[in-house]
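Scroll down for the structure; my scribbles are underneath it.
Just so you know, all these numbers are worked out from the coordinates, no wet-lab data involved. Keep in mind the model is a prediction, meaning the values are calculated, not measured. Reconstructed Cβ throughout: ideal geometry from the backbone, glycine too, with neighbour counts over all protein chains shown.
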Amino acid sequence: MLERTAASLETCNLQRLLSKPGRSSKRCRQLHTGFWQHGASAIELSSLWPLPARAADAEADPSSRPTHTGLVASTFLLDFLYPNGTYALLRRLYPSLPRPQDGSRSNDGARKRNFTSSTIVTEPDFQNPIVRLDVAETREKRRGGRPVRQDRALRRDMNTHSPTGLYTDAERHSSAPAASSDAGDSARLNRTANSRTLQDLLSRPDEGQHYDVWDLYCRLDDAQRQTLRRVVIIYLSRSQSIVEIGRALSLLRRIPIDSWDDELQAAGVLVLMRSGDMPSAVDRFKTGLEEKGLSGGLEYLLAESIINRQWPTLLGVWLEYFAALSKRNPDARIEDAQLPQLETISDLGQLYFSFERYVEAEGSGPVRAINLHSDSRLGLERLRRKLAEAALQQPCPPKEAAAILEIWGDCQLYHDYLLRMLDRWNKGLESKSSLMVLPEVYKKYRALSDAKPSVSLLRGMFDLYFPTNAAGLEEIYRDWHTAWGDLDQWGFKKFLKFYAGAGDVQAVKDLWSRYVAHFPQVLKLPRAFRSTMNVYAQTGNVAQAEQELRTMTAQYGVKPDIDIWNTLLKCYTRAEDLPRVLQCFEEIRAIHRPDSFTYAHVMAMAAKKGDLETTLDFFNQSQKDQVPVSKEMAMALVTAYCRNDRLVEAEKICTELAERKSTSAAIWNKLLYFNGVQGKLNKCYELLQAMKTFNVEWDHQTHEFLLQALVRVDQIQAAYHLLQSAYEDKLFPVGPEHFAVVMAGAVRTGELALVETILSHMRRAEQPMTFNAQVALVEAAFRQTPSAKRTRRLGREFVKHLRCMLPKPVDGGPKQRDNGTPVSNAPGSLMELRKQTQGIGRAIMLLVELRDFATAEELVNMYAEIFPEYKGEASFPPEVASALMLGYLKDGRLAQVHKMWGQTWKSVLSRSQRPQGGGIYPAHQYDLSRPIGIVAKAFREGDNGRGLLSCVEQVTGAGFKLTRSNWNLVVKYLAEMGHWERAMDWCETMLMPRWRGWKPGAKSLQEGRDMKNTRVLQASKAAVFSLQKEWLKLRKLAAWSAQVSHKLKEIEQKHPMLHYAFITTDYEHLPATWVLPKKKSLTRAIKEMLKPLSHAELRVMKRTLERQLALARDKKPPLRRTAVRSPFHVVTGRSKEEVYTKAFEHGELKQLDAALRDRLSEMEAKPAVDEGEELAEREPLAHKLESREDLR
């Protein structure tokens, strides 16, 4: 208590005056609960200190007074807390402070304060309490600038009289008769001031100063108390304290029921409830309802019954109220009853369902009696409706709301709830993911016969659907026309923006003509032409965009603004026309000042190719022009870094933008996608968590890229369970692209049965069948039953499915426009088709594998019809070209394969090469990986090793890169066609750095995920075996020719990693690893063979020889395979093309073993330095790898 008092007296530096106790007391004094409830813990003492002289002029300024807590309590009642030294100090500061002994002598009949925690408190009868006039004066000045009268006289009385009207014998004897008169006047003034102060406190019920109100009320006389008793009861009823509830009850009993009104009854019901006497509260409500028709306290009783699930009490109170209301006023509407207390109940939706279950379960009990009478049955129905409205107004979650709305099927309830949730979403109180069920709620609403959505609801649903939910936007389009005839100006702008973004030219033309017909004044402004320009910009149609610009300026006389120029610049970037992009950018700089969108477009063009230098140049130029960094510019920066595999820098940019509150989900999605491509699943999880940390809401694309990351590392089951949970539990908006991703992953990993399961989920979700999903379905059927009729039928549906995705012809007649039918199908737009036909190459390959060349040709023609730029002599994209090349290869038309390869090579090179031959853009470095795999097979079938060699040198020389499968295939084919030396060079430099041996240990989880990325290079065993065969042939020839032996030694030194792989293979199954020349002396031949070998190879030979000797000593006859595939052979003869050898016999193996031991002893006996130098010169890497082998 002393510390709190000292804190409140900080301005008086009381802490400097009080000394700290030397030791802490071991005794603790127990305080009654009533002490703390009385308000002593927050007693205000600052008003007791005398004002300094310089503060006299500032008395009228309320801001100059110390801050008060608003609690008024008698300080002498708390004197037992303070030691004697403290009381002496307070006496010096304030001489009029009452003495403790003064409280025992009084000249009136004042009763002691009742410090108790009991519920029922006797009303005190103090007549002369102290009044804190400065507080009242301050409040009066704050309210109206009218200070309390006689404040000076009252301040003098406070300095001469005891706070409670009690004074000492000395003061009594020294007082004259005039003192008695002054005391009486002071008491009257005190009571008047107390009344005004109390009324001032009661006028502000939200402050909750229940202690002050009770203290001031206790100081009033009987007449004043009777006047303010009702208001005090109402005020105290708002308290949660049991003491205040008890005081309110004690006052409530003094008021007869005839004087009650609705507000007083509500307070009475509330205090009885909070005192734990629910039956008395119900009885008090029913008594008031029967005798005076009062309904006060109804909402409190209903709320308490609902919270505690006391459904019989709820029904009894409500039906009593309903019956009384109907009897008193038959025309009264129960819907007009205001029950705001119900909206404060948490989880009201769950409680509503619990009540509905109770009504259903008790249908044969109490509820059955209610349903027997029409009045009570109607009352029950109104109660259920009231609870449903309160739950929807709270509002409850969309899942619960959907069930409640379906029960009632009321249009107004649907409409109000949808508007309420959309308003909360616009205010940021709800996330888009939490409104997953809202589209389904709107669908059920629009299916009602009397549904007529308001314009505000249509606008809100448009914003919720835009831009991803094309089907939902079509519904909004139809509903708008059905309800209101046609779009308003806001609707025209929004739908023009949507169809222009989708690249739907016909839709934009139709809408724009109607838009300018309804609002011709917009033709004078440039913004009227933004959509007509943007629709061509989205498709990269430069000619039409330029024609639209000329029409705007020549026909309508409108000068293009910066937005129109930016749209034209965007069109050039989509067409990948770099010269026009730079020219347009310079024109904008000459006419207007480039804004953030201008720089975003040029940066996006460079970032799309992975041109980091150009992207940074434009960005630095924008900073010199003091252009603020927009989200679109940030997207270009992140894309450029990701294209160059600099994901750490890209993540730093995302984090910095998020800290500046200028990021978006699309930027993080780009980073998430590239990490998923590289198999970094853990990093994807970290990025998702970072998005949540920075309050970046996940969207449909975030979940699509997460599913792709899971599929990339073969986590198919995890992806499937995530998709299933999202569909069933409405975790996030599920689209057809999510199903297609998981279906493709299941096919790749061989989980073919899962494809049909996902397809069934997709149909139940009423998702449209996309082209990519159809490709996965056909591939699964082909792997299971390639010759089945169903498989071929599914393959032929490719063309039908692609044709259905084309935009339907629109005649633009007035009938079609007036009936609200969408002007075009958004999924048929070119931009959407590009996304959905990403699997076109795989579809053609499947048709080729099915030998259905006619359907494949028809599919190619349909694809060319959709994208006219691929008609005529123009080459197809690499994925389509590789599929066609595979078809020609299957048909044995090798010339056509090479011809198409030449066309593809020229097209890809012209599009991917930097200006002035500066290499290949990073985004296009792997564009030829699929076609080169097909052309390599064509070269192999034609046994054209030199052609394959020159083709690979041409591709890699230009700057293109090959995948792991490409390199292993090329190395194997070159080795088989006699170009094994160049193949060894590529294998050593490209594939062997990540070689893990013939019997690698278990990979770590991240290593396994890294190898899912085909751009991570590693030699396959087949490729190494193909080169090892040539190496073994060379070793045989080296036994006959010194020149060949020298060449062999050079090759081994040039390719140390390959050489180590050759000599560490499993020699039990590899014939003729070491071959002796044919000589008369076997010992001499053995020594000549061992002499050039390194120490590492000798050790490997020793281990292999020990295994061979063990097999030879075995009593069982050796297996034929083991005898034939002995690694130790001796030359028996040769022909023009082949060298003939035979395996060592047991005696020859012993002789080799003795010579080998001597050779090892001789090498190990040399000085360590000489040995190290020799090994470093001859086998630097083999020695290092051999040491690792020893450790293993």
Distance in nm between pseudo-label sites at ALA895 and ARG748 (7 Å out along the Cβ direction from Cα): 3.9 nm
Taking the range 593-698 and dividing mean pair separation by its residue count, relative contact order in percent (alpha carbons under 8 Å, at least six apart): 23 percent
Other-chain or far-sequence residues with amide H under 5 Å of THR1065's (modelled H): none
Residues ARG1015 and GLU981, FRET efficiency given R0 of 25 Å [Cβ-Cβ distance, rounded to 0.05]: 0.45
Of LYS1033/LYS1142; LYS609/LYS972; LYS432/LYS494, pairs whose Cα-Cα distance is over 25 Å: LYS609/LYS972
Of LYS493/LYS624; LYS1029/LYS1091; LYS427/LYS493, pairs whose Cα-Cα distance is over 30 Å: LYS493/LYS624
GLN916/LYS789 FRET efficiency (R0 56 Å; Cβ-Cβ; nearest 0.05): 0.50
Kirkwood estimate for the range 593-698, i.e. one over the average of 1/r between Cα atoms, Å: 13.8 Å
Environment charge of CYS951, counting only residues whose C-beta is closer than 13 Å and scoring Lys/Arg +1, Asp/Glu -1: +3
Rounded Å value of the spacing that divides the Cα centres of the range 408-480 and the range 577-632: 39 Å
Cβ-based charge dipole, the range 459-556, positive-most Cα from TRP480, ALA500, PHE529: PHE529
Inter-label distance, nm, simple model (7 Å from Cα along the C-beta direction), GLU659/TRP408: 5.0 nm
Listed peptides 955-965, 269-279, 773-783 by packing density, highest first (mean Cβ within 10 Å): 773-783, 269-279, 955-965
The range 593-698 - charge dipole about Cα centre, Lys and Arg +1 at Cβ, Asp and Glu -1, debye rounded to 20: 180 debye
Computed magnitude of the charge dipole of the range 531-642 (debye, nearest 20; Cβ of K, R +1, Cβ of D, E -1): 120 debye
Projected label distance in nm at GLN626 and GLN226, using a 7 Å step from Cα toward the beta-carbon: 7.8 nm
Local electrostatic count at GLY919 - Lys and Arg +1, Asp and Glu -1, tallied over other residues with Cβ under 15 Å: +2
Relative contact order of the range 395-485, defined on C-alpha pairs under 8 angstrom at six or more residues apart (%): 29 percent
Relative contact order for the range 888-999, counting Cα pairs under 8 Å that sit 6 or more residues apart, in percent: 22 percent
Cα pair count fraction exceeding 25 Å, expressed as % - the range 846-996: 33 percent
